[in-house]
1. Looking at region 223-238, which of the residues that are assigned to a helix (DSSP H, G or I) and surrounded by fewer than 19 Cβ atoms within 10 Å (Cβ to Cβ) is nearest to the ligand (Cβ to nearest atom)?
2. Just for region 199-217: of the residues that are open to solvent by less than 10 Å² (accessible area, probe 1.4 Å) and more than 23 Å from Pro240 (Cβ to Cβ), which one is farthest from the ligand (Cβ to nearest atom)?
3. Of all residues in region 316-374, how many are in contact with a Cys (Cβ under 7 Å, 6 or more places away or on another chain) and more than 19 Å from Arg295 (Cβ to Cβ)?
4. Among Leu299, Leu285, Leu338, which is closer than 22 Å to Glu375 by Cα and touching a strand residue (DSSP E or B) at 6+ places or on another chain (Cβ under 7 Å)?
5. Tell me, please, whether a residue that is open to solvent by 40 Å² or more (accessible area, probe 1.4 Å), over 21 Å from Ile175 (Cα atoms) and either within 13 Å of the ligand (Cβ to nearest atom) or modelled with pLDDT of 95 or more (or both) can be found in region 80-89.
6. Could we say that Val94 is assigned to a strand (DSSP E or B), away from the ligand (no atom under 16 Å from the Cβ) and of a type outside the set (Lys, Arg) here?
7. Mind listing whichever residues of region 98-145 are open to solvent by 70 Å² or more (accessible area, probe 1.4 Å) and in a helix (DSSP H, G or I)?
8. Taking region 280-301 as the region of interest, how many residues are of a type outside the set (S, T, N, Q), in a loop (DSSP other than H, G, I, E, B) and either over 19 Å from the mean Cα position of the chain (by Cα) or farther than 19 Å from Val363 by Cβ (or both)?
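The values are calculated or read from the model by the stated rules, or taken from the named source; none is laboratory data. Remember, it's a predicted structure, so these values are computed and weren't measured experimentally. Note: ideal-geometry Cβ built from the backbone for every residue, glycine included; neighbour counts use all protein chains shown. Protein only, heavy atoms only, side chains kept; ligands, DNA and RNA dropped before computing areas. Shrake-Rupley method; radii C 1.70, N 1.55, O 1.52, S 1.80 Å.
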Amino acid sequence: MSGDLDPEGIGASRSAHDDGHGLGESTRALRAGLPEPVQFQPPLPGPVFTSHYHLAGDPTGPYTYGRDENPTWSLLERAIAELESPLEPAESLVFASGMAALSAVLFSQLRAGDTVVLPSDGYQALPLVREQLIAYGIEVRTAPTGGDAQRELLDGARLLWLETPSNPGLDVCDIRALATAARERGALVAVDNTLATPLGQRPLDLGADFSVAAATKGLTGHGDLLLGCVTSRDPELLGPVRRWRKIVGAIPGPMEAWLAHRSLATLELRHARQCANALALAEALSTRAEVSELRYPGLPGDPSYPVAARQMRRFGSVVSFSLDSRARAERFLAALRLVDEATSFGGVRSTAERRGRWGGDAVPEGFIRFSVGAEDPQDLVTDVLRALDASADA
Ligand SMILES: *Cc1c(COP(=O)(O)O)cnc(C)c1O
């Protein structure tokens, strides 16, 4: 139906007209990106499966070819922009994965001879990205997330890349302070907001130029798709990112985009429960002698807590800790009944893994990354404490 593809109808978002002040986060997440109501049409139009559009005459307009634009993306992009920046206009672009989004920012903004400052403790694939940047003649400097150590490397940099809380170490840096320092030196700032989600933290409000995320994780939360997004308030900065998406073709399928948008309706519900569960689990683990190096940014006493409490609205759904050996960690994971052993995080069903099995991250052999789901808190805590007990007998 051509009406479904009408750019004015589908592009005009109802909630974009709200000033943002009056809406609670659940309401905003429920309505984000929905089109104006159209009689006899669904509230969230279904995925638009097409490689091309009816396009007579001059090839202009919002929908020309499927690699450039899709109405299902448009609605989702509007929704994500509303969540990342409820009070000021922003634009989002969606990608095939978190890595596609992250690479789009780095490779579209940096040229040979530029310098970029990356975290030394960020996402597992960053070292691969780093190698590629160096191969293209870009200088890469790295420092840990904790203690705002990247600040010392900013002289002459073109881009500062932050990941906070960092994955998997859960260190936190001060986005506002680092963004101010970067801006003084003429550097752009991008924040990987995957772990926090826009309900946990709004990097653009804290001074970042780009908020980037793997929507694969908590943003969509069901572990059933890969998707990435880049959000900015500056259309000029976003232009090269859009061009990069077109060149590389790292685009999401319409089904993934639609599933993601559908999942946003429950974002606040999922996130509230998962963050509360994460705190309950962290508190329970903190009483156990066999648990060391427990980290959760929302736990008063955690090294990340003072900065996290200032800049985060919620502390996320990832908890990490160490058991004293690889064997003990493996016994613990095997004894869990309600928690699947799997990588990734942010999903409604709890998962955990021994991070050292991948190599790459600088973590002890008994290090567990625990992604807290939306189970009843008592069920989850009971299962984890029981598995800890069970893991004691070798
Ligand atoms: C998972 C993840 C990515 C990459 O996302 P994919 O969708 O797997 O490509 C990037 N950054 C962080 C912090 C992540 O956790």
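1. Start the filter on region 223-238 by keeping residues that are assigned to a helix (DSSP H, G or I), which leaves 235-238.
With surrounded by fewer than 19 Cβ atoms within 10 Å (Cβ to Cβ) added as a condition, the list becomes 235-237.
Values: Pro235: 24, Glu236: 25, Leu237: 20 Å.
The qualifying residue nearest to the ligand (Cβ to nearest atom) is Leu237.
2. Across region 199-217, the extreme among qualifying residues is Leu199.
3. First pass over region 316-374, keeping only residues in contact with a Cys (Cβ under 7 Å, 6 or more places away or on another chain): 316-317.
When the remaining residues are screened for being more than 19 Å from Arg295 (Cβ to Cβ), the result is none.
Residues meeting the conditions: 0.
4. Values: Leu299 fails: touching a strand residue (DSSP E or B) at 6+ places or on another chain (Cβ under 7 Å); Leu338 fails: touching a strand residue (DSSP E or B) at 6+ places or on another chain (Cβ under 7 Å).
Just one listed residue meets the conditions, Leu285.
5. Keep residues of region 80-89 that are open to solvent by 40 Å² or more (accessible area, probe 1.4 Å), which gives 87-89.
Still in the running and over 21 Å from Ile175 (Cα atoms): none.
Within region 80-89, none of the residues are open to solvent by 40 Å² or more (accessible area, probe 1.4 Å), over 21 Å from Ile175 (Cα atoms) and either within 13 Å of the ligand (Cβ to nearest atom) or modelled with pLDDT of 95 or more (or both).
6. Working: assigned to a strand (DSSP E or B): yes; away from the ligand (no atom under 16 Å from the Cβ): no; of a type outside the set (Lys, Arg): yes.
Taking the combined requirement at face value, the residue does not satisfy it.
7. Listed by number, the residues that qualify are Pro127, Leu128, Arg130, Glu131, Gln132, Ile134, Ala135.
8. Looking only at region 280-301, we keep the residues that are of a type outside the set (S, T, N, Q), and these are 280-285, 288-291, 293-301.
Adding the requirement that they be in a loop (DSSP other than H, G, I, E, B) leaves 288-291, 296-301.
Applying the additional criterion that residues be either over 19 Å from the mean Cα position of the chain (by Cα) or farther than 19 Å from Val363 by Cβ (or both) yields 288-291, 298-301.
Result for region 280-301: 8.
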